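Visitor: Have a look at this one before I ask anything.
Derivation of every value follows stated rules applied to the coordinates shown; laboratory data play no part. Here the structure is a predicted model, which means the values were calculated and not measured. Neighbour counts run over all protein chains shown; Cβ positions are idealised from the backbone, glycine included.
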Amino acid sequence: MIIKQVGNKHFTKSFNCGATSDRVVLPGVDGVRVKNTHLFAPVGAEWLEISYPVDETVILSSGKARVTQGETQTIIIAGACYVVPAGEVYTLNILEESEIWCVFSQAGPNGKAVDDS
């Protein structure tokens, strides 16, 4: 068992929109690494055309956001979650200050963590 305590992180990434995310990669016995991102986003933050080479599970722990995929827009509130299969594209707009957890099915191709540049 591997436990990620609150505050544990490998590094923090800052975004131009004022959001920050603490990132950690949890190693597994089978060599698959799961990436966990804890995102803090202000009102108005947005990410356009998000897409990853691995599956992503997103959990909104507080706040309110709009998720857009193609022509479909969905407003989500605290407690909601969504799963995005590898390669699918979506947009995320923050409507109220939000705390979001993103879990990637594995760190990425060849063990490189996705979205860490």
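Visitor: Treating the beta-carbon of each Lys and Arg as +1 and of each Asp and Glu as -1, no other charges, what is the dipole magnitude of segment 11-109 about its Cα centre, to the nearest 20 debye?
Guide: So the dipole magnitude of segment 11-109 works out to roughly 220 debye.
Visitor: H10 to S51: FRET efficiency via 1/(1 + (r/R0)^6), r the Cβ-Cβ distance, R0 22 Å, to the nearest 0.05?
Guide: Approximately 0.45, to the nearest 0.05.
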